[in-house]
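Read the structure below first, then the notes.
The values are calculated or read from the model by the stated rules, or taken from the named source; none is laboratory data. Since this is a predicted model, take the numbers as computed values, not measurements. Neighbour counts are summed over all protein chains in view; Cβ atoms, including those assigned to glycine, are modelled from backbone coordinates with ideal geometry. What goes into the accessible areas is simple: the full protein's heavy atoms, side chains included, and nothing from ligands, DNA or RNA. Shrake-Rupley method; radii C 1.70, N 1.55, O 1.52, S 1.80 Å.
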Amino acid sequence: MELSTAVINEHDQAKIFKKQPRRRPVIHVFTGLRALACLWVFAAHRSVEPTAELRTLNIGWLGHAGGAGVAVFFCLSGFIMVWVYSDCEFKSYVCYWSFIGRRVGRLFPLYYLSLAISIYDVKCIWSTDKPCTLVNWTNIVLTFLGIKSWVPYVFTDLIWSVVAWSVQTEFFFYVAFPGVLRLIRYLINIKEISLPLDEQVKRRTMKRLYLLWFLVFFISGIILFIRELTPEDPSIPFISRQTQIFYYLPLTRIPEFILGAITGIIFILKSSNDNSDQEQSDVDATTALISNNKQQRHIGFPSSLKNYFSNYKYCYLAFDSYFVCQVVFFMIIYSPLFTIDLTLTRYDEILFYGPIISLIVCIVLYFSAKYPQSLTSKLLASSLLVDMGDISYAFYILVETLPRLLQLIAGVDDTSFIMRLWAGIGIAAFAHYYIEMPVYNWVNTKLPKCQCTYKVELPTN
């Protein structure tokens, strides 16, 4: 297969470099969405054994469907990786390992802090009554290396940090991302995603992207179908069954990451402003997304509601209605009505991961970026959610370890939902600003820099 090359003149080349930054800005709508996802997962962990507050208010069911929040993380990660690195070729080993090193510098400092705080989970190390078995030691070593979820086996005797598996799976996606990106570019037959394409090439590329998206969607459905047909022992607790490898294993979850990545490529191509007949909505999206971070970060409600609603479009209303409907379904209808006793079953996983939740999330990602002036996008980009989104990874990885630390120090097992939430936000803010970001910035200064530039081939004559 031969890759297409965009040929443009010097005037167009200068125009491209003027309009397109070397590094795309942060989409703060996604930062707010990440905040909602981490809070949703937190509510899901609390719904397993509802705390006193949740039982008193009879809302222990509220976060029952929160397992789908992990799928939101995975799809969102694929979109953001493409948004930032879509034109990186990763041909040299130096650039590849530089990319991996930066991902390690972002993920693993807090990952190891989480393991250190939850060391109580591996008490078999110092226990004389029940010493660690070979399976336990294998579990501990794989968890420490950050690759336990890569192994198609569910370790039931010992769980060292209940959220560690998702970080391990995310790391697998990062390791595979350069190869996945190059494969997608090869299949859609273009070299540089950011280069302007003529209408014929663009239409052909978009058709291939849609076909590729539905192919990955179909594969994701096959994986879920196989999981539903796999027999399991009902006498074993649901979370300890070997069929849970479908939920943890990176190879069964990577379709979510790839679907998010393809959605990101579709958005980049659809919102490119190289054509004069481009839709105004795409122009609005591109303008909003390339604004500086300070302006975008403080997107809020207009001072005049009359002015806001005068610019409100039907497409915004459709997207806002869609977002409200899915929130109502997952948070209100699905939780209390479809699961009376809140016991997890294999059928819950139909909406926890796989094709359905991936489709729902990808629609949200695309249209929240496409319509930044919609009410949903403005809410997601509010300063409160953006600030929470900034510390969302620290909150996600550390909030479940706090009870372990409290149990070690004071011998008290805290079960308060409100106290755990506020304590989690506090320690997450500290960890993000004084551990996560300083380490990541230090790693950035030590690793070689590989710029992703937009290459343009000029005519020789």
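Between Ile219 and Ser92, the FRET efficiency from the beta-carbon distance, with R0 = 30 Å, is close to 0.45. Taking all protein chains into account, the per residue accessible area for segment 177-254 stands at 52 Å² (1.4 Å probe).
Highest-first packing order for the peptide set 375-383, 253-261 is 253-261, 375-383, based on the mean count of other beta carbon atoms within 10 Å. Residue ranges 389-399, 354-364, 118-128, 217-227 sort as 389-399, 354-364, 217-227, 118-128 when ordered by packing (mean number of other C-beta atoms within 10 Å per residue, highest first). Express the relative contact order of segment 152-263 as a whole percentage, based on alpha carbon pairs under 8 Å and six or more residues apart in sequence. Dividing the mean separation by the residue count of segment 152-263 yields 43 percent. The amide H of Ile190, built 1.01 Å from its N in the peptide plane, has Ser4 as neighbours under 5 Å, considering only residues 5 or more places off or on other chains.
Among residues other than Tyr174 with Cβ under 12 Å from its Cβ, the summed charge is +2 (Lys and Arg +1, Asp and Glu -1). Using a probe of 1.4 angstrom and keeping all protein chains present, the accessible surface of segment 65-157 works out to 43 square angstrom per residue.
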